Structures are given as C-alpha cells and as structure tokens.
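The values are calculated or read from the model by the stated rules, or taken from the named source; none is laboratory data. Note that the structure is a prediction, hence the values are computed from the model and not measured. Cβ atoms come from the backbone with ideal geometry, glycine included; neighbour counts cover every protein chain shown. Ligands, DNA and RNA are excluded from the accessible area calculation, which covers all protein heavy atoms including side chains. Shrake-Rupley method; radii C 1.70, N 1.55, O 1.52, S 1.80 Å.
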Amino acid sequence: MTFSKSVPLIASALALLGLFASGAWAQKSAIEAIEEYRAMMQDGNPAELFEAKGEDIWKTPRGPKKVSLAQCDLGKGPGVVKGVFVELPRYFADTQRMQDLESRLVSCMETLQGFNAAEIAKTPFGKGEQINVTALATWIAAESKGQKFNLPQAHAQEKVFYEVGKRLFFQRAGAHDFACASCHGTDGKRIRLQDLPNLTKNPGDGVGFAAWPAYRVSNGQMWGMQQRLNDCYRQQRFPYPGFGSDATVALGVYLGVNGKGAVSVAPALKR
Amino acid sequence: MADPMRIRAQAAAGKATVRVLMAHEMESGQRKDPAGKTIPAWFIQDVTASHNGKQVFSAEWGPAVAKNPFLQFVVKGAKAGDKIVVNWKDNRGDSRTDEATVS
Amino acid sequence: MKTSYKITLSLLAVAAITAGCATAPSLVELDKITSDIVKASFRDEGMVKASALNADETNRLCSAADVAGQPLDDKTAGALEAANFKMIKWPSDGKFLGDWQEGEKIAQSGRGMTWTDTAGAANGGNCYNCHQMSKEEISFGTIGPSLYNYGKLRGVTNPASPEAKPMLEYTWGKIWNSKAYNACSNMPRAGHSGILTEGQVRDIVGLLLDPKSPVNQ
Amino acid sequence: MQSRRQTLKQTAVVAGLLAGTGLFPQFAWAFNKSAFEAKSLQDAIKAYGGGTLTESKDVTITAPDIAENGAVVPLAVSCALPGVKRLLLLVEKNPSALVAMFDVTDSIEPAFSTRAKMGQSSDVYAVAIMADGKALFAKKEVKVTLGGCGG
C-alpha cells in the first residue's frame, strides 16, 4: 500500500466494477455514498488546529522587531479582525496596492515585525513563514464565519482589478487551452466526481471563494486562497503565479465580488 | 514542540463526549520521497486521557491512523466543569499533553 | 527585484489611467493592463514556461468572446475551424484504430504537462475528467458530453469497413485538434498541442470505436 | 463556555507543568509492536490475547460505503456486551491490518471513533476482545475512489 495519491486509477475503477451494476441509479447511489462520507467528516475539521495556531501567532511578538501583529490593519482599522475576511481583497492606501488577505498579512509582517516580504513571497507553500501565513489566514477567516461576502468596489483600482480578474478568468492558454472558465464557467458540471461551482456568479453559501482557507483531506494540508489558486493554475497547465501577484489578487477580486452575499464557511473541509 | 491539540468535551445525560484533534504528520512509513527513499514511519502510538486526575482512557495506534488524527470517546459520570487531560506520545518519543474543561 | 519593479509599473499604469479622469478605463486599456499584470505575475516553473501564456489566434479570439459574453460570429469561427483543420496530422501509416486497452489507460490518466510533472513521461488524455466513457467507471466528469456507446450509437460495427471510414477520420481529427470542428471548444487539442503522441491518439480512437471496447458495451 | 484563548493558555500551562515535572508516571507505555506489525487480522488479534475471530451482531462498525479519499476514512467501533476488554479497528488489505486498539474501562463507554488511511478498497473490521479471550467481530466493505482530476 502506498498512501500517496498515485493509487492506480484503473485499479480503483475495476474495484468498483462489482458494486455498481449499471446505469443512472448506480451513479446516483455512488454520489449519495460520497455525500454520506463527507457528512461523516464534518465533525472534527483539522482546520481548527491551524485556526488555534494562527491566533497564537497573531498575538505573539515575533520577527526582528519582536512585536505582535495586533496593530495590523486588514482593512477595517488596526487590530480589527472580525469581518475583514469577507471584504478582501481591497485597496490599501498605505501600500497603494490591491491586496488579498495573505499578501496583506505579509505586508504587516514586514512593516510591523521586520520580516522580509519578498523572502516570504518566494518561500514555497507549507515551508518556513508560509506555514504561519496560512495559519494566520485560517484564523482570520474563521473570525468572519457566517458573515456575507461584500467586497468593496468604490476605489477605482478595485473596479479595474475586477475587470482584470474577469479577463484572467476567461484567459485560454497553456498546452491544454484551459481557462478558469473551462471548468467553472457553467452550472451543474463535474470533474470526475467533484462538483464544480460556477464562479461567474454567486455560487452559493460556503462554495468557491467562500470556502477557502480549507483543510484538504487528500493530502492533510491546510491551504489558503493563494495556494488554491496556485494549484488551479498548475492543473490548468499555466506557468507559476507569484505569491500575492496582481494576477492572483485580481482573480480574487473577480471571484469575491461575484460571490457577493455568499455566507463564508471558511475554514472549510475539502477533498 | 508539537502544536497544541484541540479538545472539546461536552456533557449530556450524565456523561461527556470528548472530541480531540491532534496535530501530527502520522507518516505511514510506506511513502517514498522524490529520490525514491522510504520516508520513515512517524506516528502517535500511545494516547491516554484522564478525568479529574484519574486515568480513564488508553489506546495504542499504528501508522494507519490518518494525519492530524481525530479521536472521540465518551466518559461516564463527567459533568460541566470537570477536567479532561489528553496525552499522546509518538514513536520518536515526542509527546504532548493538553487540557480541557467539560462544558 | 525585477518582478516587483514590473508590478509597480503596471500599478502606476492603472493609477495614471484611473486618476486622471472621471471615466473608467476603456476596454482596450483594460486589456493592456491585464496583459501587463499577466507578464509581471507568472514565471517559468518546471517544464512550463511563461511563454505558454502567449495565446494563438484561436485562444485569443475565444477568450475575448468569453469576456464579452458573445459567441464568435459564424465567419470568424469558420475561419478558425478551417485553420485548425489544416493543422491536423493524419496517421502516418493510414491506421486510425489502435489498442482500446491502452486507450483506456490513457483516458484514465490526467497526468502530464503541469509544472510538477517530469518532462519525457507519458502524458494522460484527461478523458474521464470530462466525459463518461464506459459504464464501469463511475468517477467521470460532465464538462463534455457522454461518450458511452460512442461507436455503437454511430453505427460502427466494423471499423475496417469503408462505411466506417468517415467516423474514424472525424474521431481522429476531433482528438487531434478539437478546434477544427468547434472553434471555441473546451477540449484540448491533444495531438496539435503535443499532449498525446500519434500512437496514443490511435489508441483513444480504438477505445471509442472498437466494438470490443468497454465504451461500446 | 470558555474561549479558545483561555483553553490555549491553560493548555500551555498544563503542558509546561507536565513537561517540567515528569508527571503521570503511571503512563508506563508498553506499545504492542508485534500487533501493529502483524500482516493478518488474526495475528494482530492474537498479539492482544484474542482467540479465533467470530462474527457477532453485538459488535458494531461504522464506516462509509465509499471513501472519497483513502487518506482519511472515518471509522467507529462499539460493543453492546458486558465484559469487553479491548476494541480494535483493522483494515484487512492494509500492509499491517491493525489501525488502532482501545482499552475499555468502567469509566468510559465501549465506543470509539477515529479516522484511518486505506491504500485500496477493503473490508474494515471492528473486533471486541472479551475478558475470556473471545474475539468477536463485525465487518464492512469500504470502497476507495479517486477524486479530483487525477493530476
């Protein structure tokens, strides 16, 4: 047995052969069984471990300046954590940039704590300070659980980034000609057995943008939105989007604005 | 040091349901790194719990328990305000002890 | 750092456009800002080069149509289809039908050509990600139409017969370059883009059209 | 209800205390290595003093029909009979079948839940080892599928 994801595809197909005799009924029952599995997993989301870690990191004096992030302004004033998640990405006057939760956190880590933001941006996911950025994002997202997405669109750059995000969403490229829209542009589609939310509109409460950060059952990792987008682009056969790059933030604005009114369930539990 | 556990203990009808999440890799010992070398097994192998200082629960686990383990058990006679302490020890000798109050 | 310098530049462009006047940037300006942001945001990784984002005419026009929310007009779509059709490479030995068993393995695999894949390894066809193929595999996607009984429904009982030839050709062509038949199809151009080899395309045609294949049971 | 922050603070204090004083000497760990290295179900049961496996309606296993991912499969075991000494969870087709062993005491219910890794579709077993050495079991088949895009 290997616990890696390289279980031979054909073996799992053959294993299922015996159980599902034929047709639409079998298909439906398999999906119901998967729903049952997901329901059994809901009690005890390991994301809670990362949530607790994130709160601790926020309050602990860290970095060369040995201060906490208590004065970090995530959009609603220094130190305000509740409700910020459902209004990000947004324009920040101090950095004169559009920033999402994770890139904003890294800015705070640089200005308040003396970390090197460029170094953190270059660090691979799941390593070094990136682990802490993900934990922080998990806690901050959890502090807005149950609130509705309502990204600001008042500033000119916020509007421009929405339009740029829309263009990125429909950008067909790479060896497979895929765009985000290839999978997430229409209602009621599936890839393999996974339901694909239509991200050109509000896909519903706790779906799509309103579900990340999420704990991924398949690899036991906690992923923020940056890593979610990064892996979408990987599977899209696109080149590597920089951490916190304008492309990822613009895409976040497009998804977040489209999801206006959706209730956040982040941190969620995902496949 | 390992990250803290998350322990929830809720009393109802003269007993308390204890749910625990532990931060641990639970490396199976079956996986190989990109260079083809087997990644050594690293897993929690002993778990114990006490209720107001008295040990009530003990378990032994292998590497087939999933990463960031979840555990649920029910303590008889536990009520709101009681203390539940959970302890784990892994095969490298690392350990972790956390406490929760029954609510 | 070079990257952050570029980002700053593109943001200055945004600021210049948006601060100067009350009107929002024009569509042309937005396309330009997007293109600058793309250039500054993506980099080479593994076998995937940033140049993979340089879209050809087909992807460029189809992306623009999607953004506009208006399908391509018939004339443009027809021209793109004709151009893609011309680029189809037909089987060098005249054989269209390969081994359906190999085809099934290729259809199951979604691997290849991401920045975590190693160059030189066999790529998968990604077929089950989007299509139902056989009734045994319940883990199939629905982005594309069901291909269950593909050959049977099209009356292919003897792939070697002259009557079957047009369907063999169409199937080969569709897999090789899907855009030859539908300019803005969501389907990759497996042969044209070098995702699958000629032999692999042949095996997928076998999976779809061989009467013995699980697809046609 | 206490806030997470309070819990964390207490947790840290307790952890520190225990680390410092070497409290809990009664937890003299004696991990049953041979049970967890046993390949077969019966060998694992034997390592915990259990006899020949017998199917029983009094033992319950809870598991999904299909696991979307073999990396995490929720499993639960319980037993309605008095005199249960140990409850075990096993996955027949794993390289080593035993997943977890729970001691049963008078202070807890003979019912436990955890989550297992499964390398492939397999029968999963709940086994109750009784005070007299009887090993009673219940089993259920769990199909492991592969989700995602296979990339």
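With respect to the conditions (1) out of contact with any helix residue (DSSP H, G or I) (no Cβ under 6 Å at 6 or more places or on another chain); (2) over 20 Å from A:Q42 (Cα atoms), A:D195 lacks only one, and its number is (2).
Only one of these is touching a residue at least 60 places away in the same chain (Cβ under 8 Å), away from chain A (no Cβ under 11 Å) and buried (at least 19 other Cβ atoms within 10 Å of the Cβ): D:V144, D:V127, D:V73. Name it. After applying the criteria, what remains is D:V127.
In the set (1) among the aliphatic types (A, V, I, L, M); (2) within 25 Å of A:S218 (Cα to Cα); (3) more than 9 Å from chain A (Cβ to nearest Cβ); (4) not in a loop (DSSP other than H, G, I, E, B), B:V75 fails one condition alone, (2).
Checked against (1) among the charged types (D, E, K, R); (2) touching a Leu at 6+ places or on another chain (Cβ under 7 Å); (3) open to solvent by less than 50 Å² (accessible area, probe 1.4 Å), A:R97 meets all criteria but (3).
So that you can scan it fast, the table gives a plain yes or no per residue for (1) open to solvent by less than 40 Å² (accessible area, probe 1.4 Å); (2) within 10 Å of chain D (Cβ to nearest Cβ):
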site	(1), (2)
B:M5	yes, yes
B:A9	yes, no
B:G14	no, no
B:T17	yes, yes
B:Q30	no, yes
B:T48	yes, yes
B:H51	yes, yes
B:A59	yes, yes
B:P63	yes, yes
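If the requirement is being open to solvent by 20 Å² or more (accessible area, probe 1.4 Å), at pLDDT below 95 and within 15 Å of the chain's Cα centre (by Cα), which of these qualifies: A:L269, A:L199? Spell out how you get there, then give the answer.
Working: A:L199 fails: at pLDDT below 95.
So the residue among A:L269, A:L199 that is open to solvent by 20 Å² or more (accessible area, probe 1.4 Å), at pLDDT below 95 and within 15 Å of the chain's Cα centre (by Cα) is A:L269.
Taking the conditions exactly as written (more than 17 Å from the chain's Cα centre (by Cα) and either at the interface with another protein chain (Cβ under 9 Å from one of its Cβ atoms) or open to solvent by less than 40 Å² (accessible area, probe 1.4 Å) (or both)), does C:D66 satisfy them or not? So that I can check it myself, show each step before the final result.
Working: more than 17 Å from the chain's Cα centre (by Cα): no; either at the interface with another protein chain (Cβ under 9 Å from one of its Cβ atoms) or open to solvent by less than 40 Å² (accessible area, probe 1.4 Å) (or both): yes.
When the stated conditions are applied, C:D66 does not pass them.
If you go through region C:92-129 and keep only what is without any contact (Cβ under 8 Å) to a residue 12 or more places away in the chain and within 11 Å of chain D (Cβ to nearest Cβ), you end up with nothing. Residue count for region C:109-125 under the criterion of being open to solvent by less than 20 Å² (accessible area, probe 1.4 Å) and either in contact with a helix residue (DSSP H, G or I) (Cβ under 8 Å, 6 or more places away or on another chain) or more than 24 Å from A:K189 (Cα to Cα) (or both): the result is 3.
Take region C:82-108 and flag every residue that is of a type outside the set (A, V, I, L, M, F, W, C) and surrounded by 21 or more Cβ atoms within 10 Å (Cβ to Cβ). Walk me through how you get there before you give the answer.
Going residue by residue through region C:82-108, those that are of a type outside the set (A, V, I, L, M, F, W, C) are C:84, C:86, C:89, C:91-95, C:98-99, C:101-105, C:108.
C:N84, C:G98, C:G103, C:E104, C:Q108, listed by residue number.
A:E36 passes every criterion in (1) at pLDDT below 95; (2) part of a loop (DSSP other than H, G, I, E, B) apart from (2).
Filtering A:A154, A:A121, A:A141 for residues that are hydrophobic (A, V, I, L, M, F, W, C), surrounded by fewer than 19 Cβ atoms within 10 Å (Cβ to Cβ) and more than 14 Å from chain B (Cβ to nearest Cβ) leaves a single hit, A:A154.
Could you tell me which residue of region A:223-248 is surrounded by the most Cβ atoms within 10 Å (Cβ to Cβ), considering only residues that are more than 9 Å from every other protein chain (Cβ to nearest Cβ) and hydrophobic (A, V, I, L, M, F, W, C)? This residue is A:M225. Here B:M26 passes the criteria (1) more than 12 Å from the chain's Cα centre (by Cα); (2) at the interface with chain A (Cβ under 9 Å from one of its Cβ atoms); (3) among the hydrophobic types (A, V, I, L, M, F, W, C) except the one numbered (1).
Taken together, A:T134, A:T111 contain a single residue that is β-branched (V, I, T) and in contact (Cβ under 8 Å) with a residue 40 or more places away in the chain, which is A:T134. Screening region A:208-222 for residues that are under 24 Å from C:Y128 (Cβ atoms) and surrounded by 19 or more Cβ atoms within 10 Å (Cβ to Cβ) and picking the one that is nearest to the other protein chains (Cβ to nearest Cβ) gives A:V217. Evaluated against (1) more than 13 Å from chain A (Cβ to nearest Cβ); (2) under 18 Å from C:S92 (Cα atoms); (3) open to solvent by less than 20 Å² (accessible area, probe 1.4 Å), C:Y150 falls short on exactly one condition, (2). Being of a type in the set (G, A, S) and closer than 15 Å to A:G261 by Cβ is the filter here; which residues of region A:188-210 pass it? The answer is A:G204, A:G206, A:G208, A:A210. Only a single criterion out of (1) open to solvent by less than 10 Å² (accessible area, probe 1.4 Å); (2) hydroxyl-bearing (S, T, Y); (3) assigned to a loop (DSSP other than H, G, I, E, B) is not satisfied by C:Y128, namely (3).
How many residues are open to solvent by 50 Å² or more (accessible area, probe 1.4 Å) and more than 7 Å from every other protein chain (Cβ to nearest Cβ) when one looks only at region C:32-45?
At the first step, the residues of region C:32-45 found to be open to solvent by 50 Å² or more (accessible area, probe 1.4 Å) are C:32, C:39, C:43-45.
Narrowing further to those that are more than 7 Å from every other protein chain (Cβ to nearest Cβ): C:32, C:39.
Here the count works out to 2.
Could you please let me know if A:K260 is in contact with a helix residue (DSSP H, G or I) (Cβ under 6 Å, 6 or more places away or on another chain), surrounded by fewer than 19 Cβ atoms within 10 Å (Cβ to Cβ) and of a type outside the set (A, V, I, L, M, F, W, C)? It would help to see each step written out before you state the result.
Working: in contact with a helix residue (DSSP H, G or I) (Cβ under 6 Å, 6 or more places away or on another chain): no; surrounded by fewer than 19 Cβ atoms within 10 Å (Cβ to Cβ): yes; of a type outside the set (A, V, I, L, M, F, W, C): yes.
Taking the combined requirement at face value, the residue does not satisfy it.
Of the residues making up region C:47-60, just one is open to solvent by less than 50 Å² (accessible area, probe 1.4 Å), more than 15 Å from the chain's Cα centre (by Cα) and in contact (Cβ under 8 Å) with a residue 12 or more places away in the chain, namely C:V48.
The set of residues in region D:1-22 that are more than 8 Å from every other protein chain (Cβ to nearest Cβ) and either at pLDDT 95 or above or not in a helix (DSSP H, G or I) (or both) comprises D:S3, D:G22. Of the set (1) modelled with pLDDT under 95; (2) closer than 18 Å to D:F137 by Cβ; (3) open to solvent by 10 Å² or more (accessible area, probe 1.4 Å), all apply to D:A35 but (3).
Residue by residue through region A:32-47, note down the ones that are more than 8 Å from chain D (Cβ to nearest Cβ) and touching a strand residue (DSSP E or B) at 6+ places or on another chain (Cβ under 8 Å). Show your work before the answer.
At the first step, the residues of region A:32-47 found to be more than 8 Å from chain D (Cβ to nearest Cβ) are A:32, A:35, A:39, A:42-47.
Those that are more than 8 Å from chain D (Cβ to nearest Cβ) and touching a strand residue (DSSP E or B) at 6+ places or on another chain (Cβ under 8 Å): A:Q42, A:D43, A:G44, A:N45, A:P46, A:A47.
From D:L53, D:L81, D:L87, D:L75, grab the single residue that is under 13 Å from the mean Cα position of the chain (by Cα) and farther than 24 Å from A:E32 by Cβ. After ruling out the rest, the residue left standing is D:L87.
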